[in-house]
Every structure is written in structure tokens, then in C-alpha cells.
Amino acid sequence: MTLHPSIEITLVQGCLLPEPPHRPPEAGAVITFEGVIRPLEDHRSITAIEYEAYRPMADHQLDLLARATADRFHLTSILVRHSMGVVAVGACAFRLIIAAPHRAPALEAAAWFIDRLKQDVPIWKRPRFADHENRPQ
């Protein structure tokens, strides 16, 4: 276990572009999860999702969550990328890269982080419906 895991958090305007592989030398497992905009929201066709955040709190909460995840699961590193603004269907809006000495804690950490992100971090999404009715039913 690394005493001081590498933690990197970035909020990006628009969709997330591919990035080079993350391979810390001390990691035995690297898990990458990408959240991609699906074509339906609440059983209705969409063209995109628009993400908004209260940035000071979102940055702070993401940092706390990443550190808590790294400590809880003894991670080598955790990289978090989340889109802001409009992200089209099919594009990547969220990326989580977790490195750990072993596979099981890396997999558990990914699931735990994502569940807590949705619960604790002030990032909101608003679908852009294909029928131009942008209010949920």
C-alpha cells in the first residue's frame, strides 16, 4: 500500500476525451469505469445531458470522497473526471480510474465511490429530450 495515494480530480467542460493508460508500478489492478450518455432517460429519447454543479462544494466533496475511498480500500491511486455542461448521447461524461495492489479492493472501491458520488456530490444532470420537452414526466 502507498502511504500517500495519488489523487486527481478534474471537472471538464463538455465530453471527456480518451486518455493514456494509467499504470502505477505498484498497482496489481487498475479499474477504469466510464459513464456514457445513453439514448434514453425515463423511457424517453434524449440528445444530450447537461451537467451543472456548485463548483466549490463539488470540488471539495469529490476530494473528500476520493481520499475516503483511497483510505478505506488501500488504493494506490484514484483519478476522477466528470463533465460539466452539455454532453451528447454516446459520449463519455464520467471516468473513474482506480489502482490498487489487488483486484478485489479495486472493484469494491469503484462501486462504493460511484454510489457515494451520486449521493453526496452536488452535481446535477438535466436531460435534453429529443422531443424538445425538457421537463421530466
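The values are calculated or read from the model by the stated rules, or taken from the named source; none is laboratory data. All values derive from a computational prediction rather than experimental measurement. So basically every Cβ, Gly included, is an ideal-geometry build from the backbone, and we count neighbours across all protein chains shown. All accessible areas refer to the heavy atoms of the entire protein, side chains included, with ligands and DNA or RNA removed. Shrake-Rupley method; radii C 1.70, N 1.55, O 1.52, S 1.80 Å.
Most fluctuating residue of Ala93, Ala66, Ala29 in a GNM of the chain with Cα springs under 10 Å: which is it?
Ala29
Distance in nm between label sites at Ala104 and Ala68, each 7 Å beyond Cα in the beta-carbon direction?
For the pair Ala104/Ala68, the computed spacing is 2.4 nm.
Taking 2.2 N^0.38 Å as the expected size of a compact globular protein, what ratio does the Cα radius of gyration of region 32-137 give against it, to two decimals?
1.18
Which whole-Hz ³J(HN,Hα) couplings does region 90-99 yield from phi under the Karplus relation 6.51 cos²θ - 1.76 cosθ + 1.60, θ = phi - 60°, glycine and proline marked x?
Using θ = phi - 60°, the values come out as x, 8, 7, 10, 8, 9, 10, 10, 10, 10 Hz.
Rounded to a whole number, what % of the accessible area of the chain do carbon and sulfur atoms account for, probe 1.4 Å?
Working: 4320 of 7970 Å².
For the chain, the apolar C and S fraction of the accessible surface comes to 54 percent.
By how many nm would the segment from Ile114 to Arg44 lengthen if fully extended, with 0.36 nm per residue of separation less the alpha-carbon distance?
On the way: separation 70, 0.36 × 70 = 25.20 nm, distance 2.41 nm.
Length gained, Ile114 through Arg44: 22.8 nm.
So what is the accessible area of the chain per residue, in Å², with the probe set to 1.4 Å?
Numbers: 7970 Å² over 137 residues.
Value returned for the chain: 58 Å² of accessible area per residue.
Note down the magnitude of the dipole of the chain about its Cα centre, charges +1 on Lys and Arg C-beta and -1 on Asp and Glu C-beta and zero elsewhere, to the nearest 20 debye. Each step should come with its number before you reach the end.
Details: 15 positive and 16 negative charges, 19 e Å.
Magnitude of the dipole: close to 100 debye.
Compute a Gaussian network model of the chain, connecting alpha carbons closer than 10 Å, and tell me which residue from Leu107, Leu79, Leu40 fluctuates the most.
Leu40
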